[in-house]
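A.B. asks: My questions will all concern the structure given below.
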Amino acid sequence: MSYYEVEFKLKLVKEYLEGPLGGRALAKKYGLPSNALIYNWKHSYQLFGKEGLKRHRSLTNYTSEFKRDVLHFIETTGTSYCEARQFELPSGWMSSRWQRLWSILLSLLTINLKIEGKLIRR
């Protein structure tokens, strides 16, 4: 994964917000691998300003309670995963990953309960 300087990200975000080019055209113009980068940077900039464009490399351990609160907030308010960054998460994919893992865990528990239920009935 490439590292992009804050000033470069800021330049592209401002060009996107103020100019006629869309994300796809800007990504092509600057040789970016994906236009999603520009949309992510724009969203981070809108939420946190220039600070949101800085690279954060902290290994934060979030408690189960915190994760549950974030997922509950997303579910009850209809907020997107990206908008859940208001909880000061480094990216929207983090809460999306928590949701995916939670869904997998619930599926496994359901399957296990069904299997145990069949075993108990025999």
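The values are calculated or read from the model by the stated rules, or taken from the named source; none is laboratory data. The model shown is predicted, which means the values in this text are computed figures rather than measured ones. Because the Cβ atoms are built from the backbone with ideal geometry, glycine has one as well, and the counts that use them run over all protein chains shown.
A.B. asks: Restricting attention to region 26-46, which residues are surrounded by 15 or more Cβ atoms within 10 Å (Cβ to Cβ) and in a helix (DSSP H, G or I)?
C.D. replies: LEU26, ALA27, LEU37, ILE38, TYR39, ASN40, TRP41, LYS42, HIS43, SER44, TYR45, listed by residue number.
A.B. asks: Cβ-Cβ below 7 Å, separation at least six or inter-chain, first residue in region 102-116 and assigned by TED's automatic domain parsing to the domain that holds HIS72, second part of a helix (DSSP H, G or I): which pairs?
C.D. replies: Filtered contacts from region 102-116: TRP102/LEU71.
A.B. asks: Of these, TYR3, TYR16, which one is farther than 19 Å from GLU83 by Cα and touching a residue at least 40 places away in the same chain (Cβ under 8 Å)?
C.D. replies: Values: TYR16 fails: touching a residue at least 40 places away in the same chain (Cβ under 8 Å).
Going through TYR3, TYR16 in turn, the sole match is TYR3.
A.B. asks: Same structure, new question: Could you tell me which residue of region 66-114 is nearest to GLU51 (Cα to Cα), considering only residues that are exposed (fewer than 14 other Cβ atoms within 10 Å of the Cβ) and of a type in the set (S, T, N, Q)?
C.D. replies: Only one residue tops the list, namely GLN86.
A.B. asks: Checking the structure you have, find out if any residue of region 84-91 is among the basic types (Lys, Arg) and assigned by TED's automatic domain parsing to the domain that holds LEU105.
C.D. replies: Yes, because at least one residue in region 84-91 is among the basic types (Lys, Arg) and assigned by TED's automatic domain parsing to the domain that holds LEU105.
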